[in-house]
Amino acid sequence: MAREDEVDRIREQAQELLAAQRATVRSLLRLRAQLGGSLVMRYAECGKEGCACRSGERHGPYFILSTRSGGRGGLSYLPHSQVSRARTLVEHHREFQEGFRRLKQINEGLLALLRQYRSAAARQGERSLEAVAR
Ligand SMILES: [Zn+2]
């Protein structure tokens, strides 16, 4: 009986992981648009002599988007009107990476459980044959 309990316990845990897997995949698929990179804010001094920036009132802020998507990476200045959108896209990419890692852990957990299940089910199979033989 203890062995059947073990099989049931593993089945329950597998169901929980499947639910977590499904939820994670769903949340990944919600992140439709994303951008791998980072957004930095900079203030700068110009070359003009006597400009206020020389005494601390630097120009800016400038928003610089640094992307690192295969081969097309680089730096670009963003108009202020696009900063909020860019922030969202960068955040989506970060969330995606995080969800991807979570999914990998869940999948590894599922494989480990299925290995346990295989052993427990095999023991149960052996027991059932012994019972027939008796
Ligand atoms: Zn200046």
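The values are calculated or read from the model by the stated rules, or taken from the named source; none is laboratory data. Note that the structure is a prediction, hence the values are computed from the model and not measured. Cβ: placed from backbone, ideal geometry, glycine included. Neighbour counts: every protein chain shown.
Could you list, in sequence order, all residues of the range 41-54 that are more than 7 Å from the ligand (Cβ to nearest atom) and more than 44 Å from the chain's Cα centre (by Cα)?
Of everything in the range 41-54, those that are more than 7 Å from the ligand (Cβ to nearest atom) and more than 44 Å from the chain's Cα centre (by Cα) turn out to be Glu49, Gly50.
For the list (1) part of a strand (DSSP E or B); (2) without any contact (Cβ under 8 Å) to a residue 12 or more places away in the chain; (3) not aromatic (Phe, Trp, Tyr), I need the number of the one condition that Leu65 fails.
The one condition Leu65 does not meet is (2).
Go through the residues of the range 18-29 one by one and say whether even a single one is within 16 Å of the ligand (Cβ to nearest atom), without any contact (Cβ under 8 Å) to a residue 40 or more places away in the chain and over 19 Å from Glu91 (Cα atoms).
no
In the range 55-103, which residue that is within 16 Å of the ligand (Cβ to nearest atom) and out of contact with any Cys (no Cβ under 6 Å at 6 or more places or on another chain) is farthest from Leu39 (Cα to Cα)?
Of everything passing the filter in the range 55-103, Ser55 is farthest from Leu39 (Cα to Cα).
Looking at the structure I just gave you, is Gly50 loosely packed, with under 14 Cβ neighbours inside 10 Å, modelled with pLDDT under 95, assigned to a loop (DSSP other than H, G, I, E, B) and on the phi > 0 side of the Ramachandran plot?
Yes.
Using the structure shown, decide if Leu89 is at negative phi, more than 13 Å from the chain's Cα centre (by Cα) and surrounded by 13 or more Cβ atoms within 10 Å (Cβ to Cβ).
When the stated conditions are applied, Leu89 passes them.
Would you please list the contacts, defined by Cβ atoms under 7 Å and residues six or more apart or on different chains, that run from a residue in the range 38-52 that is farther than 16 Å from Ile64 by Cα to a residue that is surrounded by 12 or more Cβ atoms within 10 Å (Cβ to Cβ)?
Going by the 7 Å Cβ cut-off, the qualifying pairs are Cys46/Cys53; Cys46/His59.
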